[in-house]
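J.: Next up is a structure, given as structure tokens.
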Amino acid sequence: MTPATRISTIALVCAAGWAVPAQAAPESDLIAMQAQLQQMQSQMQAMQAQMQQAQTQIATLQDQLAQAQAKADATASAVAAIPAQTVSAKPPVAIGWDGGPKIETAVDPKNPAAGKWSFKPRGRLQIDTASVSAPSAIGSKSLGLATEFRRAYFGFDGTIPGNFGYRIEADIANSSIDPTDIYLNYTGIKNLTLTIGQHKPFESMEDTESDLFTSFMERASFNTAFGFERRLGLSAQYQKGMVLAQVGVFSDNVTDLNADTDNSYSIDGRFALQPKLLGGQAHIGGSAHYHDLNDGAATVRYRARPFTHTTDLRFVDTKAISAISETNYGLELGWTGGPLHFTAESQWMKVNRPGAIADPTFNGGYVEAGLFLTKGDTLPYKASEGTWTRIKPKNGIDKGGLGALQVNVRYDWLDLNDNGIIGGRQQLAGASLLWVPTDYVRFILDYGHLWLKNAAVAAGTDTSYGADVVGMRAQFDF
């Protein structure tokens, strides 16, 4: 029964109820009752109209609701039709940390052996303070206390898909830019690395070692006296098991190649055996080098600073001598195990001079021993390069420890006297203390006493005298 029918029925019942007693009622009462009945009917009709209006509104709302539901269903269908994005196992680009930030892409799953793209900034800073005490009769203002930025390197390296790698780096210390390593290498052949660009030509064990890891502030004097430096060239390096072989063909340092007259070239080779011996790692090696100056009027000069770079004064110096080519060779011996290490090297440099002039041969070398004072620390050996590498303290201060403490002693010599050339003889007894608080921070304190004979710089009239050098270095790298 609809609401309208229900209301009509109620009205009829009420009318019937009023009709029966109305017959006995006076006429005036009947008139009043009829008026009330008519009023009630009017009210009923108004209520019926309101109910019809409400039904119309309900129908309109039901229609709107149906339209909204249709739109929602259409939207849901469209969303369901969008393909879901797949989540790869590795992100396309990852940022990690390897002594500094390193950005790299994921390996191609179709060719994982080809490597990947990567980019890593790199740099180092070395701040040196040193003092040279020598006889006052020398009269040079270059001695005494001095401070300098020894090195301030900045650059980057990384890899390229196809088993290639690269490095570009320069020394920006002292308001100048000096290119250091600038090369491209290839490692796609097992145990072999091919390199083209400016890099070290395998001159000696200590020269191959990074200046970040040397046990004294400066390398042995023969390394600088004989002009060991990075050069532009092509090289190959093979390392497998206990065998290391390096060979290369080089021109000259890139800063010297700006001169059109610089046509020199060299052939350099180094070989080492790397056996386990006496409970540690041994290194037994040697190198040979031929450098053709390729210039009929060329000269060479051999000289060395007194155990520090803070002075430009050289006590030993051959001055410029005429030459056609250079031939040098060296022997290397090293061992590391537990807290101890031992190193010894010697190099001979023969100058091939023009005409009937006698060919002098100069010699230099060093013997070194070191001991860690902190438990568990050792001097690591890098077989792929045949030299010592980064000290990583077992209990660095970043781990709540002291870091690594190492003491070293060294005897160093350089003899630049031979066949009429009097460049002088320099000997040194030195000691150093290294504190390595973390992997990438190092402090060095070293001392050396020099004995000079036939020195190129005389103390008055005396060319045989002594000198003392004290130096300190603070460094970090990334």
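J.: What is the residue count in segment 247-279 for residues that are over 22 Å from Thr336 (Cα atoms) and open to solvent by less than 70 Å² (accessible area, probe 1.4 Å)?
T.: Looking only at that region, the number is 15.
J.: For a quick check of your reading: which strands (runs of 3 or more DSSP E) sit entirely within segment 179-272 and have at least 3 residues that are among the basic types (Lys, Arg) and either under 26 Å from Ile444 (Cβ atoms) or free of Cβ contacts under 8 Å to residues at least 24 places away in the same chain (or both)?
T.: none
J.: Moving to a separate point now. I need the full set of residues from segment 131-153 which are part of a strand (DSSP E or B), open to solvent by 40 Å² or more (accessible area, probe 1.4 Å) and either in contact with a Pro (Cβ under 8 Å, 6 or more places away or on another chain) or in contact (Cβ under 8 Å) with a residue 40 or more places away in the chain (or both), in order please.
T.: The answer is Ser133, Thr147.
Listed here are the residues, each with its yes/no results for (1) open to solvent by 60 Å² or more (accessible area, probe 1.4 Å); (2) acidic (Asp, Glu); (3) not in a helix (DSSP H, G or I).
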site	(1), (2), (3)
Gly96	no, no, yes
Gly99	no, no, yes
Ile103	yes, no, yes
Pro109	yes, no, yes
Ala113	yes, no, no
Phe119	yes, no, yes
Gly123	no, no, yes
Gln126	no, no, yes
Thr129	no, no, yes
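J.: Out of curiosity, is Gly227 open to solvent by less than 10 Å² (accessible area, probe 1.4 Å) and touching a Lys or Arg at 6+ places or on another chain (Cβ under 9 Å)? Walk me through it before giving the result.
T.: Details: open to solvent by less than 10 Å² (accessible area, probe 1.4 Å): no; touching a Lys or Arg at 6+ places or on another chain (Cβ under 9 Å): yes.
Against the criterion (open to solvent by less than 10 Å² (accessible area, probe 1.4 Å) and touching a Lys or Arg at 6+ places or on another chain (Cβ under 9 Å)), Gly227 does not qualify.
J.: Tell me which residues, restricted to segment 189-213, are under 23 Å from Asn163 (Cβ atoms) and either at pLDDT below 95 or hydrophobic (A, V, I, L, M, F, W, C) (or both).
T.: Passing the criteria: Ile189, Leu192, Leu194, Ile196, Phe202.
J.: Name the one entry in Gly424, Gly466, Gly403, Gly471 that is of a type outside the set (Lys, Arg), open to solvent by less than 70 Å² (accessible area, probe 1.4 Å) and within 30 Å of Gly269 (Cα to Cα).
T.: Gly424 is the lone residue from the list that is of a type outside the set (Lys, Arg), open to solvent by less than 70 Å² (accessible area, probe 1.4 Å) and within 30 Å of Gly269 (Cα to Cα).
J.: How many residues are open to solvent by less than 10 Å² (accessible area, probe 1.4 Å) and among the charged types (D, E, K, R) if we restrict to segment 378-400?
T.: 0
J.: Which members of segment 286-322 meet the condition of being open to solvent by 40 Å² or more (accessible area, probe 1.4 Å) and assigned to a loop (DSSP other than H, G, I, E, B)?
T.: Asn294, Asp295, Gly296, Ala297, Arg301, Arg305, His309, Asp312, Arg314, Lys319, Ala320
J.: I would also like to ask the following. Among the candidates Ala344, Ala369, single out the residue that is over 20 Å from Leu273 (Cβ atoms) and in a strand (DSSP E or B).
T.: So the residue among Ala344, Ala369 that is over 20 Å from Leu273 (Cβ atoms) and in a strand (DSSP E or B) is Ala369.
The values are calculated or read from the model by the stated rules, or taken from the named source; none is laboratory data. Predicted, not measured: the structure shown is a model, and the values here were computed from it. In this analysis, Cβ positions are derived from the backbone assuming ideal geometry, glycine residues included, and neighbour counts consider all displayed protein chains. Ligands, DNA and RNA are excluded from the accessible area calculation, which covers all protein heavy atoms including side chains. Shrake-Rupley method; radii C 1.70, N 1.55, O 1.52, S 1.80 Å.
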